[in-house]
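Working notes, structure below.
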Amino acid sequence: MAVRAGARRALDPASPDRPRVTRHRRARFRGQPIGREGAAGYYLRDTALAFVCATLRTMCSLVPLVIRATGKYNITNRPAGGRPTKPPDGLRKRCYGGANRTDAAAMPLIIRPAASSDRDALIDQYLGLNRYEDPISGDRVTDYQGAVESLAAAEERLARTDGIALVAERDGRVVGHLFLEFREAPVFVRAELRAYAYVSELFVRAEARGAGVGTALMGEAERIAAARGFRRLIIEVLAGNAVAEEFYARRGFTPRSIELGKAIE
């Protein structure tokens, strides 16, 4: 076995450069007993080290639990270099639903303002809305271009009335939308009752119905309207759309006018 010269001198007992070895260490190197006092010293030292190591392991295992319980160090919603930003009133993102359940209908539901990236999803929404209403009204356009034009017309009304478009998002997918306009009634209505909020569009995709999506959208619309100082919320329903009538009745809406039509030759 090859040993470097420096190491060989250090191990040679006759070398003047050998490291200083205490009595207990020298005894252990030679395989001799170290006596009761030395044994007690080693026992106390080993016991103390074991205690310190166990304490450190316990503290390290408790840190994630403390962070998870307090949420103090949760920075997932913080922008880089700053505090979490709060959207202005009426434009905040709200979550509904139970995240602990595994079925698709129980995935967290997010109600938020529509963004430019939602355009394709909103076109699909209008396509579904027109096709849903056509069997009832008998006059809806049911092709893709008709959906594009319907969305453009609705967005133009929103811009004219300072309205807002809301979408319901579940599992990263838009499953419903609501367009809320702010209008004023004609002069024959009393002045204090002329201003009202108007739900011009509300549609929930078939696979998401019955899971509280429409209720969440309407709740957010009512909250925004109240925050802006409006005292009335109005919506129109197609005659024959019994499902919609029942839904709005459960929300406290009552009939206020009837629009009649007649085909003429």
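Search the structure for amide H atoms under 5 Å from the amide H of residue 232, placed 1.01 Å from N in the peptide plane, and list their residues when 5 or more places away or on another chain.
197
Which of the peptides 217-225, 144-152 is most tightly packed, and how do the rest follow, judged by the mean count of other Cβ atoms within 10 Å per residue? The partial results should precede the final answer.
Values: 217-225: 20.1, 144-152: 15.4.
Ranking the peptides 217-225, 144-152 by packing returns 217-225, 144-152.
Could you give the dipole magnitude of the stretch 94-250 about its Cα centre, charging the beta-carbon of Lys and Arg +1 and that of Asp and Glu -1, in debye to the nearest 20? Walk me through the intermediate numbers first.
Details: 20 positive and 24 negative charges, 132 e Å.
The calculation lands at about 640 debye.
Output the peptides 169-176, 236-243 sorted from most to least packed, where packing is the average of other Cβ atoms within 10 Å over each peptide's residues. All intermediate terms of the calculation are to be shown ahead of the outcome.
Values: 169-176: 17.2, 236-243: 12.4.
Result, highest mean Cβ count within 10 Å first: 169-176, 236-243.
So who's got an amide H within less than 5 Å of the one on residue 175, skipping anything under 5 residues away but keeping other chains? H placed 1.01 Å off N, in plane.
Under 5 Å from the amide H of residue 175 lie the amide H atoms of 168, 169, 170, each far enough along the sequence or on another chain.
Name the residue from 203, 249, 226 whose Cα lies farthest towards the positive end of the charge dipole of the stretch 94-250, charges +1 on Cβ of Lys and Arg and -1 on Cβ of Asp and Glu.
In the stretch 94-250, that residue is 226.
Hey, what do the phi angles of the stretch 254-265 turn into as Karplus ³J(HN,Hα) couplings, whole Hz, using 6.51/-1.76/1.60 and θ = phi - 60°, x for Gly and Pro?
For the stretch 254-265, the Karplus curve yields 10, x, 10, 7, 10, 9, 10, x, 8, 7, 10, 10 Hz.
Restricting to Cα pairs below 8 Å that are 6+ residues apart, what does the relative contact order work out to for the stretch 197-265? Please round to a whole percent.
On the way: 23 pairs, mean separation 24.9, N = 69.
It rounds to 36 percent for the stretch 197-265.
Starting from the Cα gyration tensor of the stretch 172-265, take the square roots of the eigenvalues, sort them a ≥ b ≥ c, and report rounded, prolate or oblate (rounded when a/c is under 1.5, otherwise prolate if a/b is larger than b/c, else oblate). Intermediate results must be reported in sequence, preceding the final value.
Working: a/c = 2.09, a/b = 1.17, b/c = 1.78.
Oblate.
Here, each number is a calculation from the coordinates, and none is a lab measurement. Source: prediction; values computed, not measured. Note: ideal-geometry Cβ built from the backbone for every residue, glycine included; neighbour counts use all protein chains shown.
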